[in-house]
1. From the square roots a ≥ b ≥ c of the eigenvalues of the alpha-carbon gyration tensor of the stretch 104-197, which class results: rounded (a/c under 1.5), prolate (a/b over b/c), or oblate?
2. Can you work out ³J(HN,Hα) from phi for every residue in the stretch 343-353, in order, using Karplus 6.51 cos²θ - 1.76 cosθ + 1.60 and θ = phi - 60°, giving whole Hz and x for Gly and Pro?
3. Using r as the Cβ-Cβ distance of residue 300 and residue 369, and R0 as 22 Å, what FRET efficiency do you calculate, to the nearest 0.05?
4. Just reorder 52, 344 by solvent-accessible area, largest first, 1.4 Å probe, all chains present.
5. Carbon-plus-sulfur fraction of the accessible area of the stretch 169-301, 1.4 Å probe, in percent?
6. For a quick protection proxy, order the peptides 454-461, 183-190, 267-274 by their average other-Cβ count within 10 Å, most packed first.
7. Could you check the spin-label model distance between residue 191 and residue 158? Points 7 Å from the Cα along Cα→Cβ, value in nm.
8. May I ask you to give the solvent-accessible area per residue for the stretch 129-235, in square angstrom, as obtained with a 1.4 angstrom probe?
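The values are calculated or read from the model by the stated rules, or taken from the named source; none is laboratory data. Remember, predicted model here, so these are calculated numbers, not experimental data. Positions of Cβ are generated from backbone atoms using ideal geometry, with glycine treated the same way; all protein chains shown enter the neighbour counts. In case anyone asks, the SASA skips ligands and DNA or RNA and just uses the protein heavy atoms, side chains included. Shrake-Rupley method; radii C 1.70, N 1.55, O 1.52, S 1.80 Å.
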Amino acid sequence: MKKKIKAGIAIVLVLAIGAGGFFTYRHFKNKSNMPVMERKNELTETVDKSSFVSTITASGSVLLDDEIEVYAEGETNIVKTILVEEGDTVSEGDLLVEYDVEDRQEELENQIRDTKREIENAELSLESMTAATSDTELARLKSEITSKEKSLQDAKTSYDSYATKLTQQQNTVENAEQDVSDAEKEVSDTMALMEVGGATQSEYDTAVTTLNKAKKTLTEAQQAYNDLVTEQSNAKMSITTAENDLTNAQNEYNDAQTPLSTEQEKIQYQQQQLTLQGLKDNLADYEQDLSELVYSTSSTVNGKVTEVCVDEGTYTEENTVILKVADFNKLIVSASIEEYDAPFVAVGQKVVMTSDGLEGKEYTGTVTRVNDSAEDTSTNMGTETAVPIEISVDNPDGVLKPGYTLDLEITVVDKQDVLAVSSGAVMTDAKAGTKYVYVVDGGVISKREVTTGETNDTEIEIVSGLNEGDEIITSPDDSITEGMTLDEYREQIANNTNTNTGSERSESGNEDMRNGGMPNDQNRGANQGVPSGGPGGGGFGGGGPMG
């Protein structure tokens with residue numbers, strides 16, 4: 001209904017301007033609560049306070065403000081039971097999903113038990129490396145040294161005995177060698193005699209037998225000597241072994257008296273410490289994993305389940321979406337505003353929303369987001385450029401639903417109790433670019449520079465330069481000069497011929513029409529520095545907020 005009314009207003013205004021005029025209506029609607037200005041006469045008015053309220057209209061769609069994606073918890077899990085269905089209403093803390101974690105729990109508990117045992121063994125090992133040796137053990141180690149010393153002495157004695165044995169055996173070998181030499185000579189002599197008949201064959205055979213026995217004896221003597229040499233070598237090795245045994249026994253005794261006395265022992269001790277620390281780290285990890293084991297997932301919001309994304313038996317990870325839950329009491333309105341209106345819309349502005357389908361209901365909200373860039377959207381008239389915005393909406397009765405379409409009225413200017421004057425009273429110095437009015441003080445007219453603010457179709461806000469109660473010229477013409485009295489100005493107007501006045505007004509009115517203003521407004525659009533047809537211009541040029 002509101003759109004039809006506004007369209008009707010636009011048609012009437014276009015017809016009123018005529019073929020030479022230009023009109024653009026961009027959903028701006030200005031409200032003025034300015035009281036009727038006190039006029040002492042038709043030439044002047046008293047500066048008074050007014051209010052400026054400007055709105056922009058648009059339409060938008062109701063959306064869910066925050067549809068929460070519920071993620072699976074834990075690194076990996078298997079969905080055991082889904083406890084809700086799509087459309088179910090849930091409250092914060094309600095269980096949504098249960099996981100199958102029995103196998104993982106048992107595995108972690110076993111790892112914890114085994115690791116604790118390994119830690120106990122490692123601690124005992126460290127303790128043994130640094131524990132003080134008992135007197136009994138020290139006595140045993142001391143006795144071991146004595147035993148090894150005796151073994152070494154025995155080995156040396158045994159070795160020394162082989163020197164005499166070798167000498168004796170060497171003599172035996174030498175005697176056997178001599179026997180062989182003598183036997184060989186006897187055989188040779190007997191053979192020579194036998195050739196000349198001086199010896200018998202029997203004597204010769206006896207000589208040979210004696211030689212063979214001597215050779216055998218020599219061989220046995222040499223073998224015995226070699227065996228003694230081998231035994232002597234072994235006796236020497238026994239000495240080395242006994243020396244090593246004694247050294248080890250002495251080292252054990254010394255180590256027992258001073259633990260970790262060698263670099264090797266220190267290194268072994270450090271290695272064992274690292275092993276123990278690694279086991280403790282593993283235990284801490286297992287215990288943390290067990291404590292973080294997730295058995296179920298609960299809702300973090302009050303709302304309604306909009307989607308179930310997994311099935312029972314599904315393997316999940318931390319980034320797996322299992323459910324979606326939305327709070328239907330938290331809604332937003334998504335809308336688009338024309339690029340010409342976008343500069344006036346800002347976050348925090350109040351919005352009133354209605355719907356043809358919800359007769360008699362009015363909702364309020366606030367602009368929460370204005371896009372940084374515009375987008376091309378399709379309309380019944382073609383393609384237009386618009387800026388997307390979002391608006392929070394209060395839904396106390398719960399009637400609004402996602403997908404509803406609402407008519408929006410965004411308040412872009414809301415100023416109360418500000419000084420205002422008629423639009424035609426403000427003039428512009430083309431050279432200086434400043435604005436001014438003619439003030440009547442004590443009956444004398446003077447020019448005063450002013451700073452203007454918001455503008456509507458009939459009034460201009462005065463930011464500085466005037467005070468409430470000041471008397472100003474309502475619509476000065478070209479005949480006014482600074483310093484003349486109000487009576488002189490009135491007389492000057494009265495003396496002007498209707499022809500001259502009509503001619504001047506006609507030219508001024510044509511210029512006003514080209515600038516989006518109204519005739520007889522003293523070129524109001526130019527005076528206010530507002531582009532034709534732009535927001536904030538006077539007359540039919542727009543009517544939007546103007547700073």
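1. Values: a/c = 13.94, a/b = 3.10, b/c = 4.49.
Oblate shape, in that a/c is at least 1.5 and b/c is the bigger or equal ratio.
2. Values per residue, Gly and Pro as x: x, 9, 9, 9, 4, x, 6, 7, 9, 10, 10 Hz.
3. Numbers: r = 24 Å, r/R0 = 1.08.
For R0 = 22 Å, the calculated efficiency reads 0.40.
4. Values: 52 5, 344 45 Å².
Of 52, 344, the descending order of accessible area is 344, 52.
5. Numbers: 4040 of 8650 Å².
It is 47 percent, rounded to a whole number.
6. Working: 454-461: 23.8, 183-190: 16.5, 267-274: 12.6.
Highest mean packing first, the order is 454-461, 183-190, 267-274.
7. Simple spin-label model gives 4.8 nm for this pair.
8. On the way: 7080 Å² over 107 residues.
With all protein chains present, the stretch 129-235 gives 66 Å² per residue.
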